[in-house]
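The values are calculated or read from the model by the stated rules, or taken from the named source; none is laboratory data. Not measured: the values here are computed from a predicted model. All Cβ positions, glycine included, derive from the backbone under ideal geometry; neighbour counts span all protein chains shown.
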Amino acid sequence: MNQTARKPEDMPGRYPRFQTRQPPPDNAAGAALDLRQSHARLKALLEISAMVRGAASLKDLHYIIANETLRLTGARQIFVFTAKRAMHLSAISGFSRFNREAPLVRDMEQVTELFRQRGGFAAGQAFELPPETVSRYRTLMTYPFRHLMWQPFAPPGAGAPGQVSGGMLLVRERPWSGQDVQDAGVLASIYGHAHGLFRTRPRRGPRFDVMALLKRRRGKAAIAAGLLLVLAFPVRMTVLAPFEVIPIAPFVVAAPIEGVIKDVLVDPGQSLRAGQKIVQFNDTVPRNRLQVAEREVSVSKARLKKASQLAFSDVSGRQELRLAMADLALKTSELNYARDVFNRTLIKSGKAGIALFPDKQSLIGKPVAVGEQIMQIADPRRIKIAIHVPVSDSIALQPGAAARIYLDSDPVNSRDARVEFINYQASPTPEGILAYRITARLAGSNARLPRLGVRGTAKIYGGRVLLAAYLFRRPFSALRQWIGL
C-alpha cells in the first residue's frame with residue numbers, strides 16, 4: 001500500500017501553529033537576527049512545555065502559567081482563572097500569594113465573570129475595557145493596563161463547544177495584535193490540556209447527592225435547619241470606604257498681606273528646609289509706599305530741625321517744635337508699617353518638611369486676602385488615614401476598631417490600621433457624597449509608610465452580628481426607606 005505521510009501543515013485545525021515571521025531574503029543581517037529570535041522563542045516554548053508537564057499540582061501549574069507566559073508574550077501582568085460556578089482567580093504574575101479580599105482581585109473576578117456570562121470567553125480574543133465597565137469599579141479607574149486578552153483553557157475531549165476549565169487574562173497598556181492572540185493561543189492549548197487533566201482526576205470518597213436528599217422530607221428539614229444554623233453564625237460587620245493619606249498637624253502657610261502672588265519658588269511635594277524662600281508677592285505697591293514713607297520721614301526731620309532752631313528765639317517756634325515732633329513720630333510709625341508690609345511680600349518656610357499644594361501655576365497671579373491659605377508644610381513621617389464612609393454604608397464603629405487599607409498603587413497587599421476618631425456629623429466630600437469622616441493610624445512598623453496624598457480603599461471592621469443581619473442589612477434598609485418606615 002502506497003500511503004503518503006501527512007505533514008503537520010496538512011492537518012489544519014487540529015493543533016494551533018506557533019507562527020514565526022520569515023525575514024525578507026534580501027536582508028541577510030535581518031534574516032539572521034529574526035532567525036535567532038525565532039530559535040529563542042521556540043526554545044522558550046519547549047522549556048515552558050516541559051515545565052507544564054512536570055507540574056506536580058494544579059497550584060504549581062497556575063504559578064507556571066502566571067509567570068512563565070510573560071517570556072513569550074508582551075503582557076505586563078497575567079491573571080489565571082479557574083472556572084467554577086463563577087470565575088475564580090487562582091494566580092497573579094509576580095505574586096506567590098495574594099489577598100482574596102483585595103479590591104483589584106474582587107474587581108477582576110467580577111469583570112471576568114461579567115464577560116463570561118455574556119458568552120464572550122469561549123475563544124481567545126483581545127479587547128479593551130469599555131468606559132461604562134471601568135466606571136463601575138473604582139480600582140479599574142486607576143489601573144494603567146486597559147488592553148486585555150483572554151485565552152481559555154479547553155480540556156481534552158471537552159463535551160460542548162466553548163466548555164472551558166479556566167483561562168488566563170493578559171493585560172498591558174497598548175493594543176494586542178492578531179499575531180499576539182495567535183501566539184498566546186498556542187500556549188493556552190498546552191495549558192488547557194494540563195489544566196483539564198488536573199481538573200478531571202477522580203475524587204476519592206463517596207459523593208454527596210444533594211438532589212436525592214432534597215426528594216426526602218427529612219432531607220428538606222435537615223437542609224432548612226442547616227441553613228438557619230448558618231444564618232445564625234456570628235460574623236464581623238465590615239464596610240469598604242475610600243481613604244486618603246493626610247499629614248498630622250501640618251504647618252499652614254497663610255497670606256500675611258493682601259495682594260497678588262507673583263511667583264511660587266518651590267514645587268509641589270518638594271522637600272523644604274526651615275527659612276527657605278517659598279512665595280513672592282507682587283511688591284510694587286508696598287515698595288512705593290515704603291519709599292514715600294522714607295521721604296516723609298526725611299521731610300519731618302527737616303521740619304523738626306527748623307522748629308528747634310526757632311524755639312530759642314520765638315514763642316510760636318516752641319509750638320511748632322511740639323507739632324514737628326508729633327508729626328515725626330507719626331511718619332516714623334508709618335515708615336515702620338510700610339517696611340513691615342514690604343518685608344512680608346517674601347514668605348519663608350516656618351519649618352522643614354514637604355510642600356503640599358495642588359498646582360504651582362494656579363497660584364501665580366492669584367489675588368489673596370490676609371489669612372488665606374496658600375499651602376501646607378508637613379512632616380512625611382507623621383501621617384494618618386482619612387476615611388470617608390458614605391452615610392448609606394455606615395455601621396456602628398468605636399475608636400480602636402481594626403481597619404485594613406489597600407493602596408491604589410499596591411492593591412494586592414494590605415496594611416493594618418486602628419481607628420482613632422469618628423466624626424459623628426456627616427459632611428459632603430469633594431465628590432459630593434455625604435459621608436462620615438474617620439481618622440486612623442497605621443499599626444506596626446513605620447518602615448513602609450505610604451506617601452502623602454495617596455488614595456485607596458479601607459476595610460473597617462465593626463462588631464459581631466448574625467450572618468443573616470450581615471447579608472440582609474442593605475436590602476432591609478432599602479425596603480424600610482421604600483415603605484416609609
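Summary table below
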item: Test result for Phe153, surrounded by 19 or more Cβ atoms within 10 Å (Cβ to Cβ), in contact (Cβ under 8 Å) with a residue 12 or more places away in the chain and over 23 Å from the mean Cα position of the chain (by Cα); result: yes
item: Single match in Ile364, Ile433, Ile438, Ile385 (criterion: in contact (Cβ under 8 Å) with a residue 12 or more places away in the chain, β-branched (Val, Ile, Thr) and over 23 Å from Thr238 (Cβ atoms)); result: Ile364
item: Close pairs from the stretch 223-246: first basic (Lys, Arg), partner surrounded by fewer than 16 Cβ atoms within 10 Å (Cβ to Cβ) and part of a helix (DSSP H, G or I), Cβ under 9 Å, at least 6 apart; result: none
item: Enumerated strands (runs of 3 or more DSSP E) restricted to the stretch 73-150, each holding at least 3 residues that are buried (at least 18 other Cβ atoms within 10 Å of the Cβ); result: 77-83, 87-92
item: Which numbered condition Glu47 misses (of (1) in contact with a strand residue (DSSP E or B) (Cβ under 9 Å, 6 or more places away or on another chain); (2) modelled with pLDDT of 85 or more); result: (1)
item: Residues of the stretch 362-410 that turn out to be closer than 21 Å to Leu452 by Cα and part of a loop (DSSP other than H, G, I, E, B), as a count; result: 8
item: Near pairs, Cβ below 9 angstrom, 6+ apart or cross-chain, from the stretch 294-308 (at negative phi and touching a residue at least 40 places away in the same chain (Cβ under 8 Å)) to any residue that is surrounded by 12 or more Cβ atoms within 10 Å (Cβ to Cβ) and not β-branched (Val, Ile, Thr); result: Glu294/Leu335; Glu294/Ala338; Glu294/Arg339
item: Matching residues in the stretch 438-455 - criterion: being surrounded by 14 or more Cβ atoms within 10 Å (Cβ to Cβ) and either basic (Lys, Arg) or at negative phi (or both); result: Ile438, Thr439, Ala440, Arg441, Leu442, Leu449, Pro450, Leu452, Val454, Arg455
item: Test for Gly162: is it of a type outside the set (Phe, Trp, Tyr) and at pLDDT 80 or above; result: no
item: Residue that is modelled with pLDDT under 90, surrounded by 13 or more Cβ atoms within 10 Å (Cβ to Cβ), within 19 Å of the chain's Cα centre (by Cα) and under 20 Å from Tyr137 (Cα atoms), where the choices are Asp408, Asp393; result: Asp408
item: Pair list, Cβ < 6 Å and 6+ apart or interchain, from the stretch 451-473 residues that are closer than 10 Å to Phe243 by Cα to residues that are in a helix (DSSP H, G or I) and at pLDDT 80 or above; result: Thr457/Pro103
